[in-house]
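A short worksheet on the structure shown next.
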Amino acid sequence: MMILKPKISKAIALIVFVLLGNQVKSQITLEHTYNGYASVVNLSVSGYKYYVLDTQNETVKLYHPDHSIWKSINLSVPAGYQLMTTVYNVSENLFSLDGKVGFTYSYYITSPNYHAETRVINENGTVLLTIAGSNYAYAVKVEEDTKLLAYIINYTTNVTTTKVYDLPGNMTTGDYQLYGENLLPYPNPAQNSIIIPYNPEDMMDGGIIEIFEMSGNCIRQYRIDYYFDNLTIDSSTFPAGTYTYRINNLNEEKGSGKFVIR
């Protein structure tokens with residue numbers, strides 16, 4: 001009996017520890033607050049990082065999972081232009097083979113005529129590519145190569161063209177931002193209508209797309225289902241500005257993003 005007591009005590013202590021641990025994890029707690037819209041990427045070399053675009057200071061900041069700062073990158077934006085509210089294709093060894101973090105971002109001007117550009121930049125602030133007329137661009141895997149698709153919209157003729165660039169690096173699974181950035185709204189900025197894609201497999205029981213003003217006020221709600229993979233919204237009555245949207249099925253949020261109405 002004297003030999004069994006220590007074993008029983010250790011077993012009880014282990015059970016109590018596990019139960020207490022489960023209680024802590026079962027609670028929702030505020031862990032950290034970022035100023036601006038934070039996103040997450042799983043970089044192929046450096047692992048998970050939060051990243052936040054500071055449009056006012058024209059800076060992208062990347063943070064470790066414990067929310068400590070990792071990198072701060074200054075963006076090059078021509079005078080008079082305004083940054084789009086999202087950066088894309090945050091990755092390592094994709095736009096160059098030197099191990100530096102790279103990504104794409106876009107900016108636009110509305111006067112005297114609307115014009116946008118997209119740039120590829122690395123963590124040192126070096127501009128690797130400028131694509132005139134492009135609202136956004138995203139990287140895709142094509143067989144064994146990786147390409148960058150850049151969309152260019154002529155707002156006079158409403159004609160869209162796509163430029164395809166061959167990239168020096170390869171995209172890994174981890175280089176995708178969470179919730180597949182291939183499902184981007186277009187055209188963006190929009191005028192008379194905007195198309196919001198979604199995954200129909202997520203909507204087997206139906207879902208909803210909500211449109212929000214930047215103040216957080218929900219101004220539109222649209223029912224969606226699995227018969228289609230996108231929703232076309234008449235935006236002709238929307239005041240000019242930036243909007244966010246959220247895609248939900250009956251159980252959870254399946255995507256979100258932003259678009260601009262000019």
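Derivation of every value follows stated rules applied to the coordinates shown; laboratory data play no part. Predicted model, so just to flag it, every value in this text is computed and none were measured. Glycine also receives a Cβ, built like all others from the backbone with ideal geometry; neighbour counts cover every protein chain displayed.
Percent relative contact order of segment 183-262, based on C-alpha pairs within less than 8 angstrom and at least six residues apart?
36 percent
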Quiz item: Where Lys and Arg each count +1 and Asp and Glu each count -1, what net charge lies around SER134 among other residues with Cβ under 12 Å from its Cβ?
Solution: +1
Practice problem: Using θ = phi - 60° and the Karplus relation 6.51 cos²θ - 1.76 cosθ + 1.60, list the HN-Hα couplings for segment 241-253 in order, rounded to whole Hz, with x at every Gly or Pro. | Solution: x, 9, 10, 10, 9, 9, 10, 10, 9, 6, 10, 7, 6
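Which of the residue pairs LYS61/LYS141; LYS147/LYS258; LYS71/LYS163; LYS49/LYS100; LYS71/LYS254 have a Cα-Cα distance greater than 20 Å in the structure shown?
Values: LYS61/LYS141 26 Å; LYS147/LYS258 24 Å; LYS71/LYS163 30 Å; LYS49/LYS100 14 Å; LYS71/LYS254 29 Å.
Distance filter (> 20 Å) returns LYS61/LYS141; LYS147/LYS258; LYS71/LYS163; LYS71/LYS254.
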Quiz item: In terms of modelled amide H atoms, which long-range or inter-chain residues lie less than 5 Å from the amide H of ALA190?
Solution: VAL260, ILE261, ARG262
Quiz item: Amide H to amide H, which residues 5 or more places from ASN230 or on other chains are under 5 Å from it, using H placed in the peptide plane?
Solution: TYR198
Quiz item: When ranked by the protection proxy of mean other Cβ atoms within 10 Å per residue, highest first, what sequence do the peptides 92-105, 205-218 form?
Solution: 92-105, 205-218
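Using packing as a proxy for protection, rank 117-125, 162-170 so that the peptide with the highest average count of other Cβ atoms within 10 Å comes first. Working shown, then result.
Values: 117-125: 18.8, 162-170: 14.1.
Answer by packing, highest mean first, reads 117-125, 162-170.
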Quiz prompt | Label-point separation, LYS147 to GLN27 (7 Å along Cα→Cβ), nm | solution = 5.2 nm
Practice problem: First select every other residue whose beta carbon is under 15 angstrom from the beta carbon of ASP98; then total the charges, Lys and Arg +1, Asp and Glu -1. | Solution: 0
Practice problem: With r as the distance between the Cβ atoms of ALA38 and LEU97 and R0 = 25 Å, compute the FRET efficiency 1/(1 + (r/R0)^6) and round to 0.05. | Solution: 0.30
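Based on the mean of other beta carbon atoms within 10 Å per residue, what is the order of 36-47, 65-76, most packed first?
Working: 36-47: 15.8, 65-76: 13.1.
Listed from highest to lowest mean packing, they are 36-47, 65-76.
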Exercise. Report the label-to-label distance for TYR48 and ARG262 in nanometres (one decimal), using points 7 Å from each Cα along the Cα→Cβ vector.
Key: 3.8 nm
